[in-house]
Amino acid sequence: MTNIRRNGWFNTFAALLLGAVAALSLGGCSVNPATGERQFNMLSEDQEVALGIEAAPQFIQQGGGKIPDANVQAYVSSIGQKLAAASERPDLPWEFFALNSPIINAFALPGGKVFITRGLMEQLENEAELAAVLGHEVGHVNAEHIGQQMSRAKVFEIGLQVVGAVSEQSWIDTALGAGGNLYLLKFGRDQESQSDSLGLRYMTKCGYDPRGMLGVMHVLQDASGGGGIEMLQTHPLPQTRIDRVEQEINEGYAAMLNNPQYTLQPTPYQQQALAPLKKLPPAPQPKAQ
Ligand SMILES: [Zn+2]
């Protein structure tokens, strides 16, 4: 009995020590390649990738599963991969999923897993708007907003304490449990605006009309009376955010307005997303939580 207890105490101590070492050596302060800002992130890139891979199936399941149409998945994925390749972190294991949920939402997990719901896809009108949504989420990933949120929320300190004692699995479970979804998906106004800027950067690099970003915001505004707009809980949309995007487009992207090289692409979106979605049975209603 004594031995077990002593071992237990020792393990706890060792875990705390390893946690402290891990905190110093793995993540910490660094300059972010997308934003150029010095930032504090407790997650190393390997941990970000592991967390995304671990958590993705849970989010797919909670989001109604994937839309049961391989062509639609491939279409969303092709646009997402194009944006990711044009971004500052092209080498992450990017994956883009179209979820069979009627709720209007889009979100990302650390390490490059990005999700958009059918509810949102059905509201969009062109490929540039799809690129704006996915580009915004790629922005959250590249700017490491999720890791910063978790570090700030201190939930991760708890995870690091168990990292030595049990396994890699534990910190992931710890991070995802205890309201992990909230920590992962809720952002502040500055982070939203930063992701809007990054989204504009990526979508225009891929030849899309930057006004697609404004189009998405108007879609969300118009839909916000109808309920089921989870997007607005995870991505606050005050008028100031829309004004900032408008200003940024007019100042930074003026040369790309009314320029035939930067397009909205309504026809491919109609043919490869909206038309096939119409042929599917309605998305299942989410279960009450
Ligand atoms: Zn966002």
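Scanning region 97-112 for residues that are at pLDDT below 95 and outside any loop (DSSP other than H, G, I, E, B) yields A106, F107, A108, L109.
Residues of region 31-46 that are in contact (Cβ under 8 Å) with a residue 24 or more places away in the chain and part of a helix (DSSP H, G or I): E45 alone. The residues of region 114-145 that are under 19 Å from N41 (Cβ atoms), in contact (Cβ under 8 Å) with a residue 40 or more places away in the chain and among the aliphatic types (A, V, I, L, M), listed by number, are V138, V141, A143.
Hey, can you tell me all the residues within region 116-129 that are closer than 20 Å to S197 by Cα and crowded, with 24+ Cβ neighbours inside 10 Å? Matches in region 116-129: I116, E127, A128, E129.
In region 47-56, the residue that is nearest to P102 (Cα to Cα) out of those that are modelled with pLDDT under 90 and out of contact with any strand residue (DSSP E or B) (no Cβ under 8 Å at 6 or more places or on another chain) is E54.
Selection of region 181-231 for residues being away from the ligand (no atom under 13 Å from the Cβ) and at pLDDT below 85 yields N181, L182, Y183, Q221, D222, A223, S224, G225, G226, G227, G228, I229.
Pairs linking a residue in region 101-113 that is closer than 22 Å to S44 by Cβ to a residue that is charged (D, E, K, R) and within 13 Å of the ligand (Cβ to nearest atom), with Cβ atoms under 6 Å and 6 or more positions apart or on different chains, are A108/E137. For region 73-80, the count of residues that are of a type outside the set (A, V, I, L, M, F, W, C) and part of a loop (DSSP other than H, G, I, E, B) is zero. Being in a loop (DSSP other than H, G, I, E, B) and within 16 Å of the ligand (Cβ to nearest atom) is a description that applies to S87.
The values are calculated or read from the model by the stated rules, or taken from the named source; none is laboratory data. Nothing here was measured: the structure is a model prediction, and the numbers come from that model. Methodologically, a virtual Cβ is constructed for each residue, glycine included, from the backbone with ideal geometry; neighbour enumeration extends over all protein chains shown.
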